[in-house]
Amino acid sequence: MFWDSVVAGFKVLTYWETYVAGLEYLAIFFIPMIIVGMIMEKNESAAGIAGCLSMLLMPVLQVAALAVMILTIAPIIFGFAEDAAWSFPWQLITMAPSAFFKLVGVLVVAAIVLAFIPILGQLQSLQTLVLGGIALIFVLGILDSINPGVVKGRVDFIPGFWFSVGLIVIGGIMSWVGMMVAAIIVTAIETAEQGLGQLIMFPIAAIFGFIPVFMYGAWLGTQVRGGF
């Protein structure tokens, strides 16, 4: 089942919706930070406040962006459909805002806890896997509330030890590959010294970093589909 999940996880990268959702993720994360940066440049007296605000906003924006991305392409990740649920996150935010903000709150707490775990807290791939996995479990919780019994009692959310190790190892390798690919692209177009390098490197590395999340979601989706 591990290698089936690996193949299914990589297959998510073949959908154009994945990359559009990735751009959505970056927009939610970066646009507010860019606005704060512009305020800091134009108003030196407010620079300190804006700097503190950006430090507080950064983890919240990052997990909110992650949640929106995962909720959007969850049907593809699980293997339920070949189309993304573009309206689902926004319907959730407008119709059940408390549920969405509870998810964001749980993700923020999880990110903080992971940051304090020695060695493991430094693995970005592990953080992405855990946070993305929580978001996927949240989606399955909604599915079970709509169709009781489909998930509860049938789905094991915690994979075996070696399966988990495999996800972390592949996640680390893919993050490294993503950084290498991004560095090659940046060098090729000679933008690294003009400040555009980070803007190019981050999204590519981020997409590669989501691969273990896609694999974990494929593993969950196989269990759910087997329960129908």
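Select from the stretch 163-180 the residues that are without any contact (Cβ under 8 Å) to a residue 40 or more places away in the chain and of a type outside the set (Val, Ile, Thr) and list them in ascending order.
Answer for the stretch 163-180, where residues must be without any contact (Cβ under 8 Å) to a residue 40 or more places away in the chain and of a type outside the set (Val, Ile, Thr): Ser164, Trp176, Gly178, Met179, Met180.
Working only within the stretch 140-162, note down all residues that are more than 17 Å from Ala110 (Cα to Cα) and surrounded by 13 or more Cβ atoms within 10 Å (Cβ to Cβ). Before the answer, list the steps.
Step one: of the stretch 140-162, the residues more than 17 Å from Ala110 (Cα to Cα) are 140-156, 159-162.
Within the stretch 140-162, Leu140, Gly141, Ile142, Leu143, Asp144, Val150, Val151, Arg154, Val155, Pro159 qualify.
Every read-out reported here was derived from the displayed coordinates using simple, explicitly stated rules and does not represent laboratory data. From a predicted model like this one, the values you see are computed outputs, not experimental measurements. All Cβ positions, even for glycine, are placed from backbone atoms using ideal geometry, and neighbour counts span all protein chains on display.
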